[in-house]
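In what follows, a single structure is set out as structure tokens and then discussed.
The values are calculated or read from the model by the stated rules, or taken from the named source; none is laboratory data. Predicted model only: the values in this text are computed from it and were never measured. Quick reminder, even Gly has a Cβ in these numbers, built from the backbone with ideal geometry, and neighbours come from all protein chains shown. Note: accessible area is taken over every heavy atom of the protein model, side chains too, but ligands, DNA and RNA are not part of it. Shrake-Rupley method; radii C 1.70, N 1.55, O 1.52, S 1.80 Å.
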Amino acid sequence: MPMLRWQNFIAIVAIFFAAGAVWPWSPLNRVVCAGIAFALILVLLVSRLQQHATRITGSRSSIEEMQSRIDKIRAERERRYGRR
């Protein structure tokens, strides 16, 4: 699944902040740049994982919906293997 435009923008900005973390600045500036880059990467990771979960399940499901699906699959499995 290709990245969206805003995700590409966040990735590029995170790269700039990571580059700022290795620039010969004061230690405080370097730590702040590294922290911002890390936070942006986490935002991007969470976004991509949500998109992946949406693609797999078809929608963002609540816990109750997911549990009902699991129960349905288990009941069908019991029915199939219980006939023998």
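What the table shows:
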| read-out | value |
| --- | --- |
| Hey, Ile70 open to solvent by 80 Å² or more (accessible area, probe 1.4 Å) and assigned to a helix (DSSP H, G or I) or not | no |
| Val31 being of a type outside the set (Gly, Ala, Ser), out of contact with any His (no Cβ under 8 Å at 6 or more places or on another chain) and open to solvent by 70 Å² or more (accessible area, probe 1.4 Å) | yes |
| Flag for Ile56 being part of a helix (DSSP H, G or I), in contact (Cβ under 8 Å) with a residue 12 or more places away in the chain and open to solvent by 80 Å² or more (accessible area, probe 1.4 Å) | no |
| So Ala39, is it assigned to a helix (DSSP H, G or I) and either surrounded by 13 or more Cβ atoms within 10 Å (Cβ to Cβ) or in contact (Cβ under 8 Å) with a residue 40 or more places away in the chain (or both) | no |
